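The values are calculated or read from the model by the stated rules, or taken from the named source; none is laboratory data. Just so you know, these numbers come straight off a predicted model, no measurement behind them. For neighbour counting, all protein chains shown are included, and Cβ atoms are generated from backbone atoms with ideal geometry for every residue, glycine included. Heavy atoms of the whole protein, side chains included, go into the accessibility calculation; ligands, DNA and RNA do not. Shrake-Rupley method; radii C 1.70, N 1.55, O 1.52, S 1.80 Å.
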Amino acid sequence: MLKKPGTVKVLLLKKKWWSAALCLCLAAVMLYVVNYPPAVGAAATSRQLPIYCVQRDQKMLSISFDAAWGNEDTQQLIDILGRYQVKATFFVVGDWVDRYPESVKALHDAGHEIMNHSNTHAHLPQLSAQQITDDLNACNDKIEAVTGVRPTLIRLPYGDYDDNSIRTIRAMGMEPIQWDVDSLDWKDLSAADINKRVTSKVCPGSIVLFHNAAKHTPEALPGIIECLLQEGYTFVPISQIILTGDYTIDHTGRQCPA
């Protein structure tokens, strides 16, 4: 049967329409591939991460304190830690060193690590690489002037970081340290709540975050230490729990042997 001329025209128009639509779809796909390559996997593997915790078979952990503002309980913390022969890591801001150099010295003399928490507690992702370098070196200089030891670790202010800040820190030969157990003591939780949070979340290789000048930390600390000692944990400064040599950091921030 012969098709009517009108029918042929309609079929040709439909064919051209589908061809044009197919070309547009292919062009859109090609444009996406060119401009948006499969970067999700690459970003996940190349993203720069600090150390949140460490893969350890032994029951060991580190407790750390950030010191940026007040100083009313520093000696009390020294006394409590000394009672249990626990050595901790204190991350101090350069401005805090300026205000309380005698406390920095007391912490160092008691055998605790004094590490960098930036010079002015700035948001590092807002700074250039040179500004970060200058800021951290200023804090390192102040700590070294008091203790005679130059810091090798830094706790990122606000826990805030990006690839640029982590790369810059490691280019300085320093290691950025976060935490996997947050006491939330800065929220003025009760001593019982702080104790429960910490002791329920700790695992081998954990890094615990506390703050000096937090309202209930001195009250909570003895019970936490006693509980973890009874569970067989050993307390070491962070420089002794992190791995040296070749290592990897997984997507959770856990440092693992290479």
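Residue check, TRP186 against (1) of a type outside the set (Lys, Arg); (2) outside any helix (DSSP H, G or I); (3) open to solvent by 20 Å² or more (accessible area, probe 1.4 Å); (4) touching a strand residue (DSSP E or B) at 6+ places or on another chain (Cβ under 6 Å), all met but one. Which one?
(2)
Report, ordered by the first and then the second residue, all pairs with beta carbons closer than 9 Å, sequence separation of six or more or different chains, a first member in the stretch 217-230 that is free of Cβ contacts under 8 Å to residues at least 24 places away in the same chain, and a second member that is assigned to a helix (DSSP H, G or I) and open to solvent by less than 20 Å² (accessible area, probe 1.4 Å).
none
If I ask for residues that are under 15 Å from ARG155 (Cβ atoms), outside any helix (DSSP H, G or I) and of a type outside the set (Asp, Glu), which ones from the stretch 168-183 would you list?
Those that are under 15 Å from ARG155 (Cβ atoms), outside any helix (DSSP H, G or I) and of a type outside the set (Asp, Glu): MET172, MET174, PRO176, ILE177, GLN178, TRP179, VAL181, SER183.
Within the stretch 115-167, take every residue that is assigned to a helix (DSSP H, G or I) and among the charged types (D, E, K, R) and give me the one that is surrounded by the most Cβ atoms within 10 Å (Cβ to Cβ).
Step one: filter the stretch 115-167 for residues assigned to a helix (DSSP H, G or I), giving 124-126, 129-147, 157-159, 163-167.
Cutting the leftovers down to among the charged types (D, E, K, R) gives us 134-135, 141-142, 144, 163, 167.
Details: ASP134: 12, ASP135: 20, ASP141: 14, LYS142: 22, GLU144: 13, ASP163: 13, ARG167: 13.
This residue is LYS142.
Give me the pairs, please: first residue somewhere in the stretch 125-141 and modelled with pLDDT under 95, second residue anywhere and in a loop (DSSP other than H, G, I, E, B) and open to solvent by less than 40 Å² (accessible area, probe 1.4 Å), beta-carbon distance under 7 Å, and either six or more positions apart or on two chains.
Pairs found: none.
Which ones in the stretch 199-256 are under 19 Å from ASP188 (Cβ atoms), assigned to a loop (DSSP other than H, G, I, E, B) and of a type in the set (D, E, K, R)?
LYS215
Which one is farthest from ILE207 (Cα to Cα) among residues in the stretch 75-114 that are part of a strand (DSSP E or B) and open to solvent by less than 10 Å² (accessible area, probe 1.4 Å)?
VAL92
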